[in-house]
């Protein structure tokens, strides 16, 4: 992450002490923060002293400009919040005693630029206040349904809400609810996910000013942290139907139950893929290359007489149900650009999800014996057609 | 507290340019105070002449704010030093920061709030001015600024900022201009009552008698009237008399010097020798 920052500073580099605080923040924060822009506010810019931080909130990012002052390094940084948050005044929350979290103001009062962890505690303190601010804003909306939803959900840990009001659209309230009280990082043995993986449901309600007889169904969408997609695709998960008159407290347990089953399936698929790759090794020999964590790809070396070629297997997250896709790649035939000739994707080899792994591999091996002759012919023809 | 609404804020062009110059030449972000006047936009009807009118009548007519001066402490941008003495009342403050959005920041909100609620002579209403712009090594510098009224409910309300300059047609206005303030009274001595200076003879006849006596003692009969003749057409006749006067004066000085010499010799004798 520090490299990313350094490459962004086409204007001068961040002052060393500020860079130390920013790097500490990016490395140690459990939030997936991003730095968008770095620049200087000095007349003679030797060092940059301000940057835009993208802070994740409610499945989106909010932009905070962190304004240090390189000329007066002992002064604490100032923050300019996004235009839609013009009423967010974290310091007044603290002084009015509306929050018992007064670490923010005390850390600003007794700011220490030499302590690299200070920015992290400031940003986290401000974000906590921001969560409270958005909840208060949503709580003040005069909508009976929203008030009810908020009161039943507010006790859930990690819930975030925000009011979306754009001038040309009706007001909406977005809920981001973390689902499943389980550690997804432990599902996959040996995985190297840096951040805690989470699945959220995003529910967007339209604010109805007057009490309408039939409140419209909310827009529901599942959102998973990006790294989860190698285990399962969140788009494939079917959402339960939202019935009229339903509330989220009823809907969420159904959704979680459903999701839990599908995650179990995804893990079962992963185990099936692993067994398949292990079985491949018995017939084809050791794989040339394999994805040992998610088992989505494996490449084997095969030969038929003197013709040697590679077999790439692509395994989907729906693995035994969806059969693997094979691509053959010759190690002896090259096109005019010097690139090895590959077959089109093959997805019609003999297959049944009910076979056990060794039977699957046997049938593919037999298929390969026949297919190698076709592929050799295909390679020779494509070489001839070049001349 | 009910906020009197500000209709518009005006700033003289030269003052704004000096503010921009102050900002452009400062090494980093800077801030300072704004002083000026508040006037009701439409003059209130002159009904209660004798009674004290309330400062803001119940309807709270919109106000017109005029910024007249600035004060900035260049040494510390993050600390607004105690109010500098200014003839105009405090109107608010400004914050100038390079290449930043023209929105009040977290700190600026807190300072405005403190200034508005916790300062003894809090400006009401309080004006806040943000300046930004790009200055770094570019051929063209852009300046941006935005004015706000800070309200007691903790919101910044954007207000138009009008730049006032004297145009070429202002000249005739000087002819109809009449100063409101009187010419200040100068501390002179008593003879200022009479507009013309007194002649010497008048001085002699009037209060000047005491001074005259002292002068006569020195002049030894050579009266001031006779001295006056020196200025006339026939001064030659009096030169001898004048020379005699000077001669007497010199003799007297000589005798004085003699006395000093003698007395210091006596003093020296009396001082014990060691």
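The values are calculated or read from the model by the stated rules, or taken from the named source; none is laboratory data. Being a predicted model, the structure only gives us computed values, none of them experimental. Glycine also receives a Cβ, built like all others from the backbone with ideal geometry; neighbour counts cover every protein chain displayed.
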Is at least one residue of the range A:62-77 over 27 Å from residue B:154 (Cβ atoms) and more than 10 Å from every other protein chain (Cβ to nearest Cβ)? yes
Is at least one residue of the range A:238-250 part of a loop (DSSP other than H, G, I, E, B) and in contact (Cβ under 8 Å) with a residue 60 or more places away in the chain? yes
Are any residues in the range B:110-145 within 34 Å of the chain's Cα centre (by Cα), at pLDDT below 85 and either in a loop (DSSP other than H, G, I, E, B) or more than 13 Å from chain A (Cβ to nearest Cβ) (or both), and if so, which ones? B:115, B:118, B:119, B:120, B:121, B:122, B:123, B:124, B:125
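If the requirement is being under 23 Å from residue A:190 (Cβ atoms), free of Cβ contacts under 8 Å to residues at least 60 places away in the same chain and crowded, with 20+ Cβ neighbours inside 10 Å, which of these qualifies: A:270, A:288, A:315?
A:315
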Tell me, which residue of the range B:13-31 that is part of a helix (DSSP H, G or I) and buried (at least 20 other Cβ atoms within 10 Å of the Cβ) is nearest to the other protein chains (Cβ to nearest Cβ)? B:23
Sort out which residues of the range A:180-207 are surrounded by fewer than 19 Cβ atoms within 10 Å (Cβ to Cβ) and not in a loop (DSSP other than H, G, I, E, B), and write them in order of number. A:185, A:186, A:202, A:204, A:206
Evaluate the range B:95-109: report whether one residue or more is crowded, with 19+ Cβ neighbours inside 10 Å, at pLDDT 65 or above and away from every other protein chain (no Cβ under 14 Å). no
Any idea how many residues of the range A:17-48 are within 8 Å of chain B (Cβ to nearest Cβ) and under 23 Å from residue B:103 (Cβ atoms)? 6
With the checklist (1) more than 9 Å from chain B (Cβ to nearest Cβ); (2) at pLDDT below 90; (3) under 24 Å from residue B:28 (Cα atoms) in hand, flag the one item residue A:59 doesn't pass. (3)
Exception for residue A:166 within (1) in a loop (DSSP other than H, G, I, E, B); (2) surrounded by 13 or more Cβ atoms within 10 Å (Cβ to Cβ) falls at (2)
Within the range A:302-319, can you find the residues that are part of a strand (DSSP E or B) and touching a strand residue (DSSP E or B) at 6+ places or on another chain (Cβ under 8 Å)? A:302, A:303, A:307, A:308, A:309, A:310, A:311, A:312, A:313, A:314
Given the structure, is residue A:155 more than 14 Å from chain B (Cβ to nearest Cβ), free of Cβ contacts under 8 Å to residues at least 24 places away in the same chain and over 27 Å from residue B:112 (Cα atoms)? yes
Being touching a residue at least 12 places away in the same chain (Cβ under 8 Å), under 16 Å from the mean Cα position of the chain (by Cα) and either on the phi > 0 side of the Ramachandran plot or in the same structural domain as residue A:258 (by TED's automatic domain parsing) (or both) narrows it down to one residue among A:179, A:206; which is it? A:179
Within the range A:1-49, take every residue that is at pLDDT below 85 and part of a helix (DSSP H, G or I) and give me the one that is nearest to the chain's Cα centre (by Cα). A:4
